[in-house]
1. Any residue that is outside the structural domain of Leu354 (by TED's automatic domain parsing), touching a Phe, Trp or Tyr at 6+ places or on another chain (Cβ under 8 Å), among the hydroxyl-bearing types (Ser, Thr, Tyr) and more than 28 Å from Gly328 (Cβ to Cβ) - is there at least one of those in the stretch 220-236?
2. Restricting the search to the stretch 162-215, which residues are within 16 Å of the ligand (Cβ to nearest atom), touching a residue at least 40 places away in the same chain (Cβ under 8 Å) and part of a loop (DSSP other than H, G, I, E, B)?
3. Go through the stretch 205-217 and count every residue that is at negative phi and out of contact with any helix residue (DSSP H, G or I) (no Cβ under 6 Å at 6 or more places or on another chain).
4. Only one residue in His55, His48 is within 16 Å of the ligand (Cβ to nearest atom) and under 23 Å from Ala356 (Cα atoms). Which one?
5. Considering only residues of the stretch 92-133 that are closer than 22 Å to Val201 by Cα and of a type in the set (Phe, Trp, Tyr), which is farthest from the ligand (Cβ to nearest atom)?
6. Which helices (runs of 4 or more DSSP H) does the stretch 1-88 wholly contain that include 1 or more residues that are touching a residue at least 12 places away in the same chain (Cβ under 8 Å) and in contact with a Gly (Cβ under 8 Å, 6 or more places away or on another chain)?
7. Residue pairs, Cβ under 6 Å, 6 or more apart or interchain, first in the stretch 134-153 and in contact (Cβ under 8 Å) with a residue 12 or more places away in the chain and more than 11 Å from the ligand (Cβ to nearest atom), second part of a loop (DSSP other than H, G, I, E, B) and open to solvent by less than 40 Å² (accessible area, probe 1.4 Å). List them.
8. Glu76 fails exactly one of the following numbered conditions: (1) within 16 Å of the ligand (Cβ to nearest atom); (2) open to solvent by 50 Å² or more (accessible area, probe 1.4 Å). What is the number of that condition?
Amino acid sequence: MNSQDIIALENSHTSGLYIKQPIVFVRGEGATLWDADGIPYLDCAAGHGAANLGHGNKKVAAAIAAQAGRLITLFESYSNDQRAKLMEKITQIMPGLNRVFFCNSGTEAVEAAIKFSRLSTGRSGIVATMRAFHGRTYGALSATFNKKYHAGFEPLVPGFSHVPYNNLEALDKAIGSETAAFILEVVQGEGGIYLADQEYVQKARQLCGERGALLIVDEIQSGFGRTGRMFAVQHTGVSPDLLCMAKSMAGGLPMGAVLIGPEVKNLAPGAHGSTFGGNPLACAAALAALEVIEEENLCDQAASKGNYLLDGLKKLKSPLIREVRGIGLMIGIELKQKVAPYLRAMQEKHILVLNAGLTTIRLLPPLVITYEQLDFLLRSLQDVLSVEMADA
Ligand SMILES: *Cc1c(COP(=O)(O)O)cnc(C)c1O
């Protein structure tokens, strides 16, 4: 099948839920993806943060292959060597969060954290932030702020409210005796790459503690080295009650998890569960992914490459840039106008970048991206952002 046939076949069967690009990708290595004609693209989207380790990682691939031949599926009622090892390793990252629930995606991790919060506190209120993105299933969708994700799906789950991000006064008013949890992205991803102030996260921790509410952090996009630490919340010194992760957790294989702190109560047999959650295949992949993150110092790499990229971006000469923000390799370039034509122009230069909202270009490259590739990215952005384009 040639590229045109593949694209036509997908277009005739797609759900219609995705904006389809006219490219067929068949292979990846590091930060490079190759299309069906062998043309390389620099991937600065990394599957929205699912490919922090880069594509085609040999160690992850070998772990998946070996485990696939040994045991793929096993309900969590039965113990397994790979799962036990992963439980030990993943709970070492955030001291005090000693328990873990495994699932298969980000939205499921958020869904579980919301259910655990209600179950634990006997309260129903969930406070989230404006611009937040937490996923697409009903609980997570109700925590998601942007109305465009809600349209046509109401009624949403009752009990959810949204407060302005980084606003302590509003948070102080919102967290009350009926609040089960406050859910926060330490760095907002889809919402436009906004960083929470350290003081805000610390004060949120304090308010939740004092008022019997739980603090949930959503690290689904910011986790696994992306911001220069394993989890972004580690920059703040705060320990949440529930920490949601997914995306890069298993090196790109579907997997999600929630780390659970000591204040979370009432998690009894049968209260929640997942058929595929904690399956040995995903656990083996996650173990290998965590080893790669350690061995290749991907957190430090994200920190230094992120500084290099941020420096370079701040030096770009462009009348279009309003602000550059970010931490590690989670970076937003806010323009004074809509980004769509600039994303297309970057794609024509064989670089994949993301948007975050209508006016921000989002860069989420694999943490293994090379400095040469970062220079290519910077040169290309300079070219593309030099001239104003019409939003066709
Ligand atoms: C991607 C994302 C989710 C949802 O994850 P899925 O695996 O797509 O369900 C939730 N929260 C944040 C912050 C995300 O970036």
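The values are calculated or read from the model by the stated rules, or taken from the named source; none is laboratory data. These numbers were taken from a predicted model, which means no experiment stands behind them. Note that we place each Cβ from the backbone using ideal geometry, even for glycine, and neighbour counts take in every protein chain shown. For accessibility, only protein heavy atoms count, side chains too; no ligands or nucleic acids. Shrake-Rupley method; radii C 1.70, N 1.55, O 1.52, S 1.80 Å.
1. Scanning the stretch 220-236, I find no residue that is outside the structural domain of Leu354 (by TED's automatic domain parsing), touching a Phe, Trp or Tyr at 6+ places or on another chain (Cβ under 8 Å), among the hydroxyl-bearing types (Ser, Thr, Tyr) and more than 28 Å from Gly328 (Cβ to Cβ), so the answer is no.
2. Residues satisfying the conditions are Glu185, Val186, Gly189, Glu190, Gly191, Gly192, Ile193, Ala196.
3. So the count comes out to 8.
4. One residue alone meets the criteria, His48.
5. Phe116
6. In the stretch 1-88, the matching helices (runs of 4 or more DSSP H) lie at 46-49, 58-70.
7. Phe145/Ala132
8. Condition not satisfied by Glu76: (1).
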